[in-house]
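Here is the structure we will look at, set down as structure tokens.
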Amino acid sequence: MNLLREEKRDGYPTPYLLARLRARRSGFTLDWLQRLSQDPDPAAAEEILWQRFLEELFWVHRQMNRKLRETVAPVLLYFELRTLLLCLRNKAARNEAAVKELLTFSLLPDAVREALRGAADGPAAVADVTESLTALSPCYRDLKERYVSGGLRVFEEALVRTFLEARVRDGGHPAVRVFFADVIDLRNVLSAYKQVRWEMENAPTPCIAGGRIPVRRLHDWVQAGNPEDLSGLTGREFSGGGGASVEISLLRALTLRLHHAGRGFDAVGPVLEYLWRCYTEMRNLRVLYFGKAIDSERLAVELIR
């Protein structure tokens, strides 16, 4: 089974694609502090924003030539995992209209989209999706049992962990490997931070294999029990900066690394950096929408910029 939905048409030559991406970057918000002073988009609910993001992923996917499409496919599928989870939540709520909207521009594999459309309810959708993903790789075969034992939250954790570890094992283009190593480190650091911050002494440190931060260092940092000092965990100085949460600070650091990577790694680096900018734009707009009643100074520290 293909990683993404089948696209029969070939895209454009890479130099032309990169030129189009540079032109479309003009639509990104340059000054988020100024944007804070404006009224939020009244039609910026979570699923609407995600649908807009999916439309952009769909557009980029169609513009790429087949070779570049294949190289970037794992990153596009990583973003689409959220589409899958949103569909499962709406299936559980029997909101078929929302499922239909989410799948219109989704790049999920054809078999997965068909499973989501055809299933009668949430549990049936999980069973059908698990079967479809197992056709992609046997490592997904236990997802149904995870759902039965712990519900959608446990299913989500298992899905993301399984996907990321599989991507690291499969290798791929250097820029894609670096992207997933950074994503794994971000998730591991955030999980370790929550464990220390909330003194979860009896809980093991969640750790996804394949990041650049050694597992031993994660365990040592948890044992040290100092949640405010992340330099020993990341191997470099780290500061939340301006009162930003650890999660936002980590996302900002990843954004900066992808910006630098966008200047190298042939065409793949710029494409990944563009996709990430689309993601952070969507995420920031969501923050503005749901935080419209919050003081602008407090809201500013939650933005990725």
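The values are calculated or read from the model by the stated rules, or taken from the named source; none is laboratory data. Everything numeric here is computed off the predicted structure, so don't read it as measured data. Positions of Cβ are generated from backbone atoms using ideal geometry, with glycine treated the same way; all protein chains shown enter the neighbour counts. To get the accessible areas, we keep the full protein, side chains included, count just its heavy atoms, and leave off ligands, DNA and RNA. Shrake-Rupley method; radii C 1.70, N 1.55, O 1.52, S 1.80 Å.
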Check segment 156-172 and report whether any residue there is basic (K, R), surrounded by fewer than 16 Cβ atoms within 10 Å (Cβ to Cβ) and under 18 Å from N90 (Cα atoms).
no
The lone exception for R113 - which of (1) charged (D, E, K, R); (2) under 22 Å from the mean Cα position of the chain (by Cα); (3) open to solvent by 30 Å² or more (accessible area, probe 1.4 Å) it fails
(3)
Considering only residues that are closer than 15 Å to H61 by Cβ and hydroxyl-bearing (S, T, Y), look in segment 253-281 and name the one that is farthest from the chain's Cα centre (by Cα).
Y274
Within segment 79-103, track down each residue that is without any contact (Cβ under 8 Å) to a residue 60 or more places away in the chain, open to solvent by 70 Å² or more (accessible area, probe 1.4 Å) and not hydrophobic (A, V, I, L, M, F, W, C).
R82, R94, E96, K100, E101
Just to be sure before I move on: is V287 under 28 Å from W50 (Cα atoms), among the hydrophobic types (A, V, I, L, M, F, W, C) and at pLDDT below 80 in the structure I sent?
no
Assess whether E47 counts as being assigned to a helix (DSSP H, G or I) and without any contact (Cβ under 8 Å) to a residue 40 or more places away in the chain.
no
Quick check on segment 192-209: of everything there that is under 18 Å from A166 (Cα atoms) and modelled with pLDDT of 80 or more, which residue is least open to solvent (accessible area, probe 1.4 Å)?
I208
Which one of these is open to solvent by 30 Å² or more (accessible area, probe 1.4 Å), modelled with pLDDT of 85 or more and either in contact with a Cys (Cβ under 8 Å, 6 or more places away or on another chain) or assigned to a loop (DSSP other than H, G, I, E, B) (or both): R212, R252, R236, R187?
R212
Are there any pairs, at least 6 apart or on different chains, whose C-beta atoms fall under 8 Å, with the first in segment 6-32 and open to solvent by less than 80 Å² (accessible area, probe 1.4 Å) and the second of a type in the set (S, T, Y), and if so, which?
R20/Y12; L21/Y274; R25/Y274
Only unsatisfied item for R263, checking (1) closer than 16 Å to H173 by Cα; (2) open to solvent by 40 Å² or more (accessible area, probe 1.4 Å); (3) of a type outside the set (G, A, S); (4) in contact (Cβ under 8 Å) with a residue 40 or more places away in the chain, is (4)
